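Quick one: the structure is below, questions incoming.
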Amino acid sequence: MTAPTPLIAGNWKMNGASAALAEAKAIADGVGDCPARVAICPPATLTHRMSQALDGSKVLVGGQDAHWDDAGAFTGDISAEMLADAGAKLVILGHSERRAGWRETDEMVANKVKAALRAGLEPVVCVGETLEERDAGKALQVVTGQVRGSLPQELAGKTFSIAYEPVWAIGTGRTPTTPDIEEVHRAIRATLVEMFGEAARGVPILYGGSVKPSNATEILHAAEVGGALVGGASLKAADFLGIIRAL
Ligand code: PEP
């Protein structure tokens, strides 16, 4: 079984207007022939222009969320089809900021994954425990439960990835120890293999939560870590490239 090709994806969240396209271009220009697949997930308002600006480069453009329906009366929402039409190739689903802020359940995330597949987008499905859950010794139970609940069987044979993002590590500067990251990634891998068979050994399991150039080498080389989902440090080309080059 070949090891997964790593994916390093930047999540720009609700940051970035037209001027930020220059930063995306600088990232694309600096990536070189790194061994990872690289993506930037900008706000939806930039999807189309960024896709055009990065066309022909190694950097893919992704969405940060998508509705579970393909179209309809959902004011303010965006569908996976629309993201694909705007040039996106992948989409982040089930980010903890959406699970917490918008009360997204595993079932909703699973339906969003199905919508992404219908649109031809590659899902990047986020899971992760809160600090209370970790302190209660429930991290593995919570994370593997989210994996089971958020991944529909329709993913069998499809290209997708998981991002393990401890909620307490996102935007806080705190990261788990490397053995803690490895323990959770191994549990996710075992769950994926139970659900999808041996082929699931090729699914990249990204780590996310305060990844920066100074900790990227250790995190990216940990067992079962197949790349990173990067928030704050993906907004500046120099920082994001520092992480990409750590691989
Ligand atoms: C994220 O929001 O997906 C994330 C990992 O953020 P940060 O890198 O800023 O912790």
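The values are calculated or read from the model by the stated rules, or taken from the named source; none is laboratory data. Predicted model, so just to flag it, every value in this text is computed and none were measured. Cβ placement follows ideal geometry from the backbone for every residue including glycine, while neighbour counts extend to all protein chains displayed. Heads up: the accessible areas ignore ligands, DNA and RNA and are worked out on the full protein's heavy atoms, side chains in. Shrake-Rupley method; radii C 1.70, N 1.55, O 1.52, S 1.80 Å.
Hey, can you rank 56-62, 171-177 by average C-beta count inside 10 Å, highest first? Write down the numbers at each step before the final one.
Numbers: 56-62: 19.0, 171-177: 13.7.
Most protected by this proxy first, the peptides run 56-62, 171-177.
Plugging the Kirkwood radius over Cα pairs into Stokes-Einstein for the chain, at a temperature of 4 °C and a viscosity of 1.567 mPa s, what D comes out in µm²/s?
73 µm²/s
Multiplying the sequence separation of Thr75 and Thr45 by 0.36 nm and subtracting their Cα-Cα distance, what value in nm do you get? Please list the in-between numbers first.
Working: separation 30, 0.36 × 30 = 10.80 nm, distance 1.54 nm.
Result for the pair: 9.3 nm of gain on full extension.
Oh, and also: Using a Förster radius of 30 Å, what is the FRET efficiency between Leu247 and Asp55 based on their Cβ-Cβ separation? Nearest 0.05, please. Walk me through the numbers before you get to the answer.
Values: r = 24 Å, r/R0 = 0.80.
My answer for the efficiency is 0.80.
Please work out the ratio of the alpha-carbon Rg of region 46-97 to 2.2 N^0.38 Å and round it to two decimals. Intermediate results must be reported in sequence, preceding the final value.
On the way: Rg = 11.7 Å, N = 52, 2.2 N^0.38 = 9.9 Å.
With N residues counted in region 46-97, Rg over 2.2 N^0.38 Å equals 1.18.
For region 76-166, run through the trypsin sites (Lys or Arg not before Pro) and keep only the ones in DSSP coil with at most 10 other Cβ atoms within 10 Å of their Cβ. Intermediate results must be reported in sequence, preceding the final value.
Values: sites: Lys89, Arg98, Arg99, Arg103, Lys112, Lys114, Arg118, Arg134, Lys138, Arg148, Lys158; in loops: Lys89, Arg103, Lys138, Lys158.
Answer in residue order: Arg103.
Return one whole number: the accessible area per residue of the chain in Å², for a 1.4 Å probe.
Result: 43 Å² per residue.
Could you give the longest part of the chain that holds none of the chymotrypsin sites (Phe, Trp or Tyr not before Pro) found in DSSP loops with at most 13 neighbouring Cβ atoms within 10 Å?
Details: sites that count: Phe74, Trp102.
Excluding the exposed sites themselves, the longest stretch runs over 103-247.
Further, regarding this structure: Where does region 141-247 land on Rg(C-alpha)/(2.2 N^0.38 Å)? Write out the running numbers ahead of the final one.
Details: Rg = 13.9 Å, N = 107, 2.2 N^0.38 = 13.0 Å.
The reported ratio for this selection is 1.07.
A follow-up question, please. Say a paramagnetic label sat at a point 7 Å from the Cα of Asp135, along Cα to Cβ; which residues of region 155-199 have their backbone N under 13 Å from it?
Label zone hits: 168.
Please go through the residue pairs Lys58/Lys212; Lys13/Lys236; Lys112/Lys138; Lys138/Lys158; Lys58/Lys114 and name each one whose alpha carbons sit more than 18 Å apart in this structure.
On the way: Lys58/Lys212 21 Å; Lys13/Lys236 13 Å; Lys112/Lys138 26 Å; Lys138/Lys158 30 Å; Lys58/Lys114 26 Å.
Over 18 Å apart, Cα to Cα: Lys58/Lys212; Lys112/Lys138; Lys138/Lys158; Lys58/Lys114.
Between Met14 and Ala100, what length comes free when the chain is fully extended (0.36 nm per residue of separation minus the Cα-Cα distance, one decimal in nm)?
Working: separation 86, 0.36 × 86 = 30.96 nm, distance 1.60 nm.
That pair, Met14 and Ala100, stretches by 29.4 nm at full extension.
Using a 1.4 Å probe over the heavy atoms of the protein chains, calculate the carbon and sulfur portion of the accessible area of region 1-109 as a whole percent.
Details: 2880 of 5410 Å².
Exposed carbon and sulfur together represent 53 percent of the surface.
Next question. Could you check the spin-label model distance between Glu183 and Lys236? Points 7 Å from the Cα along Cα→Cβ, value in nm.
According to this spin-label approximation, the distance is 3.3 nm.
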